[in-house]
Amino acid sequence: MANILDGIKLSKQIKQEIKEEVTEYVQKGHRPPHLSALLVGENGASVTYVDNKIKDCHAVGFRSSLVKLPETVTEEELLQEIKKLNEDDSLDGFIVQLPLPRHIDQEKIIMAIKPSKDVDGFHPENFGKMALEMEGFLPATPFGIMIMLERNHIPTQGKDVVVIGRSRIVGRPMSILMSRKGEPGDATVTLTHSRTKDLEEYTKKADIVITALGVPHFLKASMIKEGAVVVDVGITRVEDPTRERGFYLAGDVDYPEVFEKASWITPVPGGVGPMTRAMLLKNTMLAYTRKFL
Ligand code: L34
């Protein structure tokens, strides 16, 4: 039976810490931190995530603003909006929620974000700094996982870590963070993906498995070793007419069976997702406090 890595509880604690920090700045007469989100279209999951991010801002005393653009927005119009946000001095950071509609070049959009406001840590400048162990913004999901491991005192030094999935927002940066110097870090990392031959051969030997695939119930107990730490980044809406919302949320992990074999496990929901949101606040706080240096 595994211990649960409770993302709700930990994210609440982190939010409380941030709130106290904000209060101190505001009491000294400074304006509060301000985060903006750009949302294109009406993808159900994106709307939920962004709404929650806005709610989080209010919970910790940040200002927030939401720029909603229709699915049909042109790349040029979106770039114009980003330019405005880049130049707005009342704003510490902003995010462009992904995915974007297919007619928009995601790379071009990310490149247009001013690195000092890129609280998602997606711009190549921040990504490069992360890889080189320089200070910058870390992408929120991998950052959240690092903090989750740290605060639960899960050792990573010298451990064998297998990351499944090489996406730019989770798998790839996760593999880099775990291989960096430090604790958490100093792990021996294998980054696996769709072309990996015999994935199980790797996952079975891993001390820590981090899945970011988006394939419900993919990781079975037979694929891990006894006592492994399992971090589930997958969050897929699976249609289910018997549920009130018409779907349920499924992780990449076959939870009931993996729970029995792992030493630690993140639930879905209530694991990595809330941590992602807390780390966005943390990055915004960092963007804000940098101004006082
Ligand atoms: N630009 N796009 C940008 N930045 C990000 O950091 C994200 N991501 C991913 C999608 N696109 C993005 C998120 O915010 C995924 N993601 C995210 C954020 C929060 C949650 C899940 C994914 C989350 O709060 N999950 C809850 C359940 C929420 C629900 O009811 O759907 C959980 O407990 O896992």
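The rows are residues; the columns are (1) among the hydrophobic types (A, V, I, L, M, F, W, C); (2) under 29 Å from Glu150 (Cβ atoms); (3) not in a strand (DSSP E or B).
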| position | (1), (2), (3) |
| --- | --- |
| Tyr202 | no, yes, yes |
| Lys205 | no, yes, yes |
| Ile210 | yes, yes, no |
| His217 | no, yes, yes |
| Gly227 | no, yes, yes |
| Val230 | yes, yes, no |
| Arg237 | no, no, no |
| Thr242 | no, no, yes |
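Look at Asp186 and say whether it is more than 24 Å from Arg290 (Cα to Cα), more than 13 Å from the ligand (Cβ to nearest atom) and either more than 19 Å from the chain's Cα centre (by Cα) or not in a loop (DSSP other than H, G, I, E, B) (or both).
Taking the combined requirement at face value, the residue satisfies it.
Specify the residue that is farthest from the ligand (Cβ to nearest atom); the eligible residues are those in segment 82-113 that are open to solvent by 10 Å² or more (accessible area, probe 1.4 Å), out of contact with any Leu (no Cβ under 7 Å at 6 or more places or on another chain) and not in a loop (DSSP other than H, G, I, E, B).
Here the residue is Glu87.
Among the residues of segment 224-240, write down those that are over 19 Å from Pro269 (Cα atoms) and open to solvent by 20 Å² or more (accessible area, probe 1.4 Å). Let's see the steps before the verdict.
Our first condition is that a residue be over 19 Å from Pro269 (Cα atoms); within segment 224-240, this holds for 224-228.
The answer is Lys225, Glu226, Gly227.
Look at segment 257-285 and say how many of its residues are away from the ligand (no atom under 15 Å from the Cβ) and either open to solvent by 30 Å² or more (accessible area, probe 1.4 Å) or of a type in the set (Lys, Arg) (or both).
So the count comes out to 6.
Within 21 Å of the chain's Cα centre (by Cα) and away from the ligand (no atom under 16 Å from the Cβ): is that true of Tyr288 in this structure?
It is true that Tyr288 is within 21 Å of the chain's Cα centre (by Cα) and away from the ligand (no atom under 16 Å from the Cβ).
Scan segment 143-194 for residues that are buried (at least 17 other Cβ atoms within 10 Å of the Cβ) and on the phi > 0 side of the Ramachandran plot and jot them down.
Gly165, Gly185
The values are calculated or read from the model by the stated rules, or taken from the named source; none is laboratory data. What you are looking at is a predicted structure, and each value in this text was computed from that prediction instead of being measured. Note that we place each Cβ from the backbone using ideal geometry, even for glycine, and neighbour counts take in every protein chain shown. Side chains included, ligands, DNA and RNA excluded: accessible areas come from the protein's heavy atoms. Shrake-Rupley method; radii C 1.70, N 1.55, O 1.52, S 1.80 Å.
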